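Only one structure is covered here, and it is reproduced in the block below.
The values are calculated or read from the model by the stated rules, or taken from the named source; none is laboratory data. Because the structure is a prediction, the values reported are computed rather than measured. Glycine also receives a Cβ, built like all others from the backbone with ideal geometry; neighbour counts cover every protein chain displayed.
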Amino acid sequence: MRILLIEDDQSVADYIVKGLKQSGFTVDHADNGKQGLFLATSEKYDVMVIDRMLPHVDGLTIIQTLRAAENKTPVLILSALGEVNDRVKGLKAGGDDYLVKPFAFAELLARIEAIHRRQESSTTQTRLKVADLQMDLLAHKVTRAGESFNLQPREYKLLEYLMKHAGQVVTRTMLLEHVWEYHFDPQTNVIDVHISRLRQKIDKGFDRQLLATVRGAGYMLHDPDAE
Amino acid sequence: MIVNKVFSSYTFRFLSFYVTGLSVAVMVILVVVYLTMSRGYFNEVHDSITHQLDTFSDVYQQHGIDASRAYIDKQMETLKLNRYYYLVVDEEYKKIVGNLGDWPKFTDYGGGWLSFELDLLELGAGAENNDFVARSLQLPSGEYVLVARLYEDVIVSAQLVSGALLRSMLVTIVLGTIGGAIIAGLSVKRIDVMNKSIQQIMVGDLSERINVSDQQGDFRELAYNINHMLDRIQSLMNGVKQVSDNVAHDLRTPLTRLKNHLADLQQDLGAESQEQVRHLIEEADGLLATFNALLRIAQIESGSRRSGFSQLDPRVILLDVVELYEPLADDKSLRLNMDFQAGLEIAGDRDLLFQAFANLLDNAIKYTPAKGEIELRLVAMGKMIHVTVADSGPGVPQADKKRVFRRFFRVDASRGVEVGNGLGLSMVMAVIKLHGGAILLTDNSPGLKVEIELPV
């Protein structure tokens, strides 16, 4: 995967570049808006990570310019401003996700993979499948090894999100934002409880445990035998 | 209440002193007026008696008894009260001519002046013992001549004058007091208005100011000065807050870097060291969460999020909160009793209200012992909605009820027992204030009852 990073803060940029390279990605870095826009329009990238506040051309202008030119590369916006309005502005400008600085690298990585995947699987799916776990999006039915489960609506939504991002790390914040659709700061490990309930339903009694906890990052639904 | 305030006010006391002083001054003036007036009046009476005496003596001496009688008759035609009475007696005090009976028993004041009492039947019933003032002289021929005048009217008019003066003094005092009370009342009312707005500012939003245009003169200046003082207090407070917010903000980046370095390090270590580094990372995460919460509160308090308000149904948010936290309550076998009124709408920030209700329910779940009960209620009351979260935990001691909203404050009993950074309720308070609402902690005996009031 080829990633473009447009970020003027040298230490943040170094840290992201280093982390992404370690994760096996190819990274180009621009430290101002002008150069960033030039790279973004002349090269082909899988994902772009763009800071909002940039010298010469600001982040939102870059995104608007790209979208106006029919460039649909997924964009993750970085910002020091955590305002809801800023988030909305960023997403309206054409950003795919929004991450407030400072962030843990695991969060950034999970979000980059998520928006990349979203791009790939944008075609409407009617059926999700991870190992022997299957979800029928039309009939709202979940089965594992032919056995069907009774899931609460929220559990269904949680599992759907996890299955759509199968094989990727999904952070707690991402789950709150996409499954519960609230941007807030839970004081307790309330998400963990929901995950363990879901795990009880889909993994209990099976040899292969599909729903894994990724320490320090979040969760991942995957087929352990497939890797 | 307001009456008590008026009488105890400085203005009123000042005015009481003023009225007393004024009364004394008015009294002095009136006494002088009375003395001057009565003196002039008495002099006039005396002069006219002396004049009558001279004229009558002349008539008697030069024209004899008949002319005197004619003179008297002519004089008797004037008004009774102003009438003069004449008497001429010989050396043995035997009446020669006159319209008085006998030479009366009199009190002598010297210089020929005398006074006596006499019944004057012609003045009608009740006219006994009329006071007369009189002057007499002895003619060179030996007869005594006396001219008397009723004193009644002089006394009456003197009484009239002094009565009028006394009454006007009373009126001065009464009017002065009433005026003083009214003026004191007005100034008390104004001070009251100002006091109320100051109290409101002190308990609520420090950025509010006293309305200067409502005030006039001295009060306007006072309002100006109070506003300036509030400006100063606010800027000092902001300074302090800014420093702490900046500290939180500036420490976040190095902390994140520290955490990332630790994560890098973790991968190169053996299992045992990895575990230790994991603890370090958790510590760093905790610190970051605290800083983030602090900054979030600061941001909410700045009021900038008000622009993102939309119309929303509080019931939907509460149901979502309950849905998110229900598994936590289940784990402790807690019963959640819910009673949410449907169809309500308030203007607010969805995420922040969720955060506030979540913090409250999170606390309630944390502090309620296993198998306890938690009650959640949403009702509309007039132009407000009330949200109640009541638990059956240990509650909050009365003395701490106000302090729990302070940043980093934790009730002693919960320190170290439950996880938390002491910012949960500060966050709730900030959110509720942003929405123009109020929050009240009461006893649920046992437990804590949090009542929130939000404007529709």
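Of all the listed residues (B:411, B:396, B:387, B:456), the sole one being buried (at least 21 other Cβ atoms within 10 Å of the Cβ) and farther than 20 Å from residue B:322 by Cα is B:396.
Of the numbered criteria (1) crowded, with 20+ Cβ neighbours inside 10 Å; (2) away from chain A (no Cβ under 14 Å), the one residue B:381 fails is (1). Here the range A:1-36 is the region considered, the condition is being hydroxyl-bearing (Ser, Thr, Tyr) and under 16 Å from residue A:106 (Cβ atoms), and the residue that is surrounded by the most Cβ atoms within 10 Å (Cβ to Cβ) is A:15.
Give B:181, B:158, B:164 a once-over and let me know the one that is in a helix (DSSP H, G or I), under 22 Å from the mean Cα position of the chain (by Cα) and aliphatic (A, V, I, L, M).
Values: B:158 fails: under 22 Å from the mean Cα position of the chain (by Cα); B:164 fails: under 22 Å from the mean Cα position of the chain (by Cα).
None of the others qualify; the one that does is B:181.
Each row is one residue, and each column tells you yes or no for (1) in contact (Cβ under 8 Å) with a residue 40 or more places away in the chain; (2) in a loop (DSSP other than H, G, I, E, B); (3) away from every other protein chain (no Cβ under 14 Å).
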site	(1), (2), (3)
B:361	yes, no, no
B:365	yes, no, no
B:386	yes, no, yes
B:393	yes, yes, yes
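Does the range B:263-284 include one or more residues that are at pLDDT 85 or above, within 57 Å of the chain's Cα centre (by Cα) and either surrounded by fewer than 11 Cβ atoms within 10 Å (Cβ to Cβ) or more than 11 Å from chain A (Cβ to nearest Cβ) (or both)? Within the range B:263-284, one or more residues are at pLDDT 85 or above, within 57 Å of the chain's Cα centre (by Cα) and either surrounded by fewer than 11 Cβ atoms within 10 Å (Cβ to Cβ) or more than 11 Å from chain A (Cβ to nearest Cβ) (or both). Evaluation of residue B:440 against the conditions (1) in contact with an Asp or Glu (Cβ under 7 Å, 6 or more places away or on another chain); (2) buried (at least 18 other Cβ atoms within 10 Å of the Cβ); (3) more than 14 Å from chain A (Cβ to nearest Cβ) shows that the sole unmet condition is (2).
Of everything in the range A:133-146 that is over 24 Å from the mean Cα position of the chain (by Cα) and charged (D, E, K, R), the residue that is surrounded by the most Cβ atoms within 10 Å (Cβ to Cβ) is A:144. Residues being of a type in the set (A, V, I, L, M), under 27 Å from residue B:355 (Cβ atoms), at pLDDT 80 or above and under 52 Å from the mean Cα position of the chain (by Cα) are represented in the range B:302-316 by at least one member. The set of residues in the range B:232-262 being exposed (fewer than 13 other Cβ atoms within 10 Å of the Cβ) and of a type in the set (Asp, Glu) consists of B:250 alone.
Taken over the range A:156-188, the criterion of being within 9 Å of chain B (Cβ to nearest Cβ) and at negative phi is satisfied by A:176, A:180, A:182, A:183, A:184, A:185, A:186, A:187, A:188. Candidates in the range B:366-377 are the residues that are surrounded by fewer than 23 Cβ atoms within 10 Å (Cβ to Cβ) and of a type outside the set (D, E, K, R); of these, the one that is farthest from the chain's Cα centre (by Cα) is B:370. Scanning the range B:270-291 for residues that are under 30 Å from residue B:247 (Cβ atoms), aliphatic (A, V, I, L, M) and without any contact (Cβ under 8 Å) to a residue 24 or more places away in the chain yields B:277, B:280, B:281.
Output yes when any residue across the range B:145-155 is outside any helix (DSSP H, G or I), in the same structural domain as residue B:35 (by TED's automatic domain parsing), exposed (fewer than 12 other Cβ atoms within 10 Å of the Cβ) and of a type in the set (Gly, Ala, Ser), and no when none is. No: the range B:145-155 contains no residue that is outside any helix (DSSP H, G or I), in the same structural domain as residue B:35 (by TED's automatic domain parsing), exposed (fewer than 12 other Cβ atoms within 10 Å of the Cβ) and of a type in the set (Gly, Ala, Ser). Applying the condition of being touching a residue at least 60 places away in the same chain (Cβ under 8 Å) and within 30 Å of residue B:393 (Cα to Cα) to the range B:302-332 and asking which residue is nearest to the other protein chains (Cβ to nearest Cβ) yields B:318. The number of residues in the range A:91-109 being over 14 Å from residue A:5 (Cβ atoms) and within 14 Å of another protein chain (Cβ to nearest Cβ) comes to 8. Restricting attention to the range A:1-52, which residues are under 17 Å from residue A:68 (Cα atoms) and either within 14 Å of chain B (Cβ to nearest Cβ) or acidic (Asp, Glu) (or both)? Answer for the range A:1-52, where residues must be under 17 Å from residue A:68 (Cα atoms) and either within 14 Å of chain B (Cβ to nearest Cβ) or acidic (Asp, Glu) (or both): just A:43. A search for C-beta distances below 7 Å between a residue of the range A:86-113 that is modelled with pLDDT under 90 and any residue that is aromatic (Phe, Trp, Tyr), counting only pairs 6+ apart in sequence or on different chains, returns A:87/A:98; A:90/A:98; A:91/A:98.
Going by the conditions given, is residue A:208 free of Cβ contacts under 8 Å to residues at least 40 places away in the same chain, farther than 21 Å from residue A:117 by Cβ and more than 10 Å from every other protein chain (Cβ to nearest Cβ)?
For residue A:208, the condition - free of Cβ contacts under 8 Å to residues at least 40 places away in the same chain, farther than 21 Å from residue A:117 by Cβ and more than 10 Å from every other protein chain (Cβ to nearest Cβ) - is not met.
Across the range B:333-354, the qualifying residues are those that are closer than 23 Å to residue A:197 by Cβ and either within 11 Å of chain A (Cβ to nearest Cβ) or touching a Ser or Thr at 6+ places or on another chain (Cβ under 7 Å) (or both), and the one among them that is surrounded by the fewest Cβ atoms within 10 Å (Cβ to Cβ) is B:334. Filtering the range B:395-409 to residues that are more than 13 Å from residue B:441 (Cα to Cα) and in contact (Cβ under 8 Å) with a residue 24 or more places away in the chain leaves only B:407.
Taking only the range A:159-203 into account, find how many residues are in a loop (DSSP other than H, G, I, E, B) and small (Gly, Ala, Ser).
2
Can you find even one residue in the range B:333-340 that is of a type outside the set (Asp, Glu), assigned by TED's automatic domain parsing to the domain that holds residue B:444 and touching a residue at least 60 places away in the same chain (Cβ under 8 Å)? No, that holds for no residue.
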